[in-house]
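The values are calculated or read from the model by the stated rules, or taken from the named source; none is laboratory data. On a predicted model such as this, the values are computed, not experimentally measured, just so you know. Heads up, the Cβs are rebuilt from the backbone with ideal geometry, glycines too, and the neighbour counts pull from every protein chain shown.
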Ligand code: GBH
């Protein structure tokens, strides 16, 4: 094994979470229901028939959780705000008790000198807006911009960054394309229209927040992968090219080039989105940072059944291929195609079937996963990709969407019966890894 790579002195080391997955307190202090609250009411939607009513009870235990982050020596934390907590109907009245929770959280982070990176939307649309059509309704994009403006006004001086969306690809395709996620719609045409409204809402929110001139960096978080053909056949290579166009380029091109990728548009045919004049200009505006979430590559085969990837590094408990070099390849491909702002790796991590034994969780596979992805990240940076920080997904085991609590992504184990947190070996390893990076920095400064 090679030595750990050296990251820049000001590189941010963090962990990430999202509101619905950890907060619980689903109806406390005036919070309105979100589409995920509703989605969980149908037990057939969630593998273990669970819900987000309590989750990790982070709403009440945020202090302990911030202390855990601090105890690991991390200086950065990425989390999301539950829109329905601060605006129960998604429009109209603000809920001061909801904002007060995020103020308490920010106070706790300040106290420990942990920089806050806030995401406005991690999939939990207020149900009241869903009742009016949700993301399929163009009006939702405008309500989102109102919400963004209010959050930036209140917190734009307190947080290091504000991301509009987390993984709009998922909201569109899993929420509206195949009904795996809330609101549980399965209709390809809707999914494509929703993706346009999400991008529009991003642009409108950017405009609204820019006007306030806040110090927070403003941007968006996209899930991304490389798309590799299963074989050298033309059919497989075409599949891979189309997959990349419909996922990565579908969201990147509008933001950085002001238009949708031609190949994907043609493939969508009469399912292509309705675009109003001016929309693309709203979407294409400068962002201060790009968040990239990387978990695995897309492996594309025209065969039926499709070939699966040769998983030389193994698969995770989600069945996802472990493919670290895909992160290098992805970042280099992005750099080659776009004029990029600084990048944050806003999510990377894996699920494993962790066992708590004698107060210890030996999750070696996760350690190897993170170590190898950090090496892959360093390789891209050595080749000129500007990356400012890395957020491990996730701080805690949490509600893994339609997998419920059956999948554990945390570097901290949660016993849901008692809410007891236990550091996994990976947490201690990550602490030491980041500490080592800091020691190298001090050496550099001393010299
Ligand atoms: C992230 O999404 C989320 O931001 C986070 O909330 C979540 O907990 C974490 O990852 C772990 O899942 O094409 O139907 O086979 C991960 C993004 C999820 C995107 C799986 C692609 C494949 C679904 N990916 N998905 S499908």
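Of the residues making up the range 390-408, those that are in a strand (DSSP E or B) and either within 11 Å of the ligand (Cβ to nearest atom) or over 13 Å from residue 76 (Cα atoms) (or both) are 391, 393, 396. When residue 335 is tested against (1) in contact (Cβ under 8 Å) with a residue 40 or more places away in the chain; (2) surrounded by fewer than 16 Cβ atoms within 10 Å (Cβ to Cβ); (3) on the phi < 0 side of the Ramachandran plot, exactly one condition is not met: (2).
Taking the range 265-283 as the range and being under 21 Å from residue 203 (Cα atoms) and in contact with a helix residue (DSSP H, G or I) (Cβ under 7 Å, 6 or more places away or on another chain) as the test, the residues that pass are 272, 273, 274, 275, 279, 280, 282, 283. Could you look through the range 8-19, keep only residues that are over 20 Å from residue 415 (Cβ atoms) and buried (at least 24 other Cβ atoms within 10 Å of the Cβ), and pick out the one that is nearest to the ligand (Cβ to nearest atom)? Residue satisfying both the conditions and the ranking: 18. For the range 417-429, the count of residues that are in a strand (DSSP E or B), out of contact with any helix residue (DSSP H, G or I) (no Cβ under 9 Å at 6 or more places or on another chain), away from the ligand (no atom under 16 Å from the Cβ) and under 29 Å from residue 44 (Cα atoms) is at least one. Please count how many residues of the range 122-161 are within 21 Å of the chain's Cα centre (by Cα), assigned to a loop (DSSP other than H, G, I, E, B) and under 17 Å from residue 34 (Cβ atoms). Count: 4.
This table checks each residue for (1) touching a residue at least 40 places away in the same chain (Cβ under 8 Å); (2) in contact with a helix residue (DSSP H, G or I) (Cβ under 8 Å, 6 or more places away or on another chain).
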| site | (1), (2) |
| --- | --- |
| 9 | yes, yes |
| 16 | yes, no |
| 21 | yes, yes |
| 30 | yes, yes |
| 33 | yes, yes |
| 36 | yes, yes |
| 39 | yes, yes |
| 43 | no, no |
| 49 | yes, yes |
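Checked against (1) under 15 Å from residue 394 (Cα atoms); (2) within 16 Å of the ligand (Cβ to nearest atom); (3) not in a loop (DSSP other than H, G, I, E, B), residue 69 meets all criteria but (2).
Of the listed requirements (1) surrounded by fewer than 20 Cβ atoms within 10 Å (Cβ to Cβ); (2) under 19 Å from the mean Cα position of the chain (by Cα), residue 77 misses just one: (1).
Are there any pairs with C-beta distances below 7 angstrom linking a residue in the range 81-104 that is at positive phi and free of Cβ contacts under 8 Å to residues at least 60 places away in the same chain to a residue that is part of a helix (DSSP H, G or I) and buried (at least 22 other Cβ atoms within 10 Å of the Cβ), with the two at least 6 apart or on different chains, and if so which? Listed pairs, sorted by first residue: 90/83; 90/84; 90/129; 90/143. Assess whether residue 152 counts as being surrounded by 24 or more Cβ atoms within 10 Å (Cβ to Cβ), within 24 Å of residue 206 (Cβ to Cβ) and more than 16 Å from the ligand (Cβ to nearest atom). So residue 152 passes the test.
Of the listed requirements (1) away from the ligand (no atom under 16 Å from the Cβ); (2) more than 16 Å from residue 81 (Cα to Cα), residue 147 misses just one: (2). Restricting attention to the range 200-224, which residues are within 14 Å of the ligand (Cβ to nearest atom) and part of a loop (DSSP other than H, G, I, E, B)? Selection gives 224 alone. Answer with yes or no whether residue 41 is surrounded by fewer than 24 Cβ atoms within 10 Å (Cβ to Cβ), within 18 Å of residue 402 (Cα to Cα) and either modelled with pLDDT under 95 or more than 16 Å from the ligand (Cβ to nearest atom) (or both). So residue 41 passes the test. If we scan the range 125-137, do we find a residue that is within 24 Å of residue 248 (Cβ to Cβ), away from the ligand (no atom under 16 Å from the Cβ) and in contact with a helix residue (DSSP H, G or I) (Cβ under 6 Å, 6 or more places away or on another chain)? Checking the range 125-137: at least one residue is within 24 Å of residue 248 (Cβ to Cβ), away from the ligand (no atom under 16 Å from the Cβ) and in contact with a helix residue (DSSP H, G or I) (Cβ under 6 Å, 6 or more places away or on another chain). Contact annotation: residue pairs with Cβ atoms under 9 Å, 6 or more positions apart or on different chains, pairing a residue in the range 427-440 that is closer than 15 Å to residue 363 by Cβ with a partner that is at pLDDT below 95 and surrounded by fewer than 18 Cβ atoms within 10 Å (Cβ to Cβ), are 433/4. Taking the criterion of being part of a helix (DSSP H, G or I) and touching a strand residue (DSSP E or B) at 6+ places or on another chain (Cβ under 8 Å), the residues of the range 72-101 that qualify are 83, 84.
Test residue 251 against the criterion of being within 28 Å of residue 213 (Cβ to Cβ) and crowded, with 22+ Cβ neighbours inside 10 Å, and give yes or no. Spelling it out, residue 251 is indeed within 28 Å of residue 213 (Cβ to Cβ) and crowded, with 22+ Cβ neighbours inside 10 Å. Among the conditions (1) farther than 20 Å from residue 26 by Cβ; (2) outside any strand (DSSP E or B); (3) touching a residue at least 12 places away in the same chain (Cβ under 8 Å), residue 179 misses just one, which is (3). Applying the criterion of being surrounded by 22 or more Cβ atoms within 10 Å (Cβ to Cβ) and closer than 18 Å to residue 424 by Cβ to the residues of the range 371-389, the residue that is farthest from the ligand (Cβ to nearest atom) is 374. Being more than 16 Å from the ligand (Cβ to nearest atom) and under 18 Å from residue 125 (Cβ atoms) holds for only one residue in 197, 165, 157, and it is 197.
The listed residues are 119, 76, and the only one of them that is within 15 Å of the ligand (Cβ to nearest atom) and at pLDDT 95 or above turns out to be 119.
Just checking, does the range 95-109 include any residue being within 16 Å of the ligand (Cβ to nearest atom), at pLDDT 95 or above and closer than 21 Å to residue 213 by Cβ? The answer is no; no qualifying residue exists.
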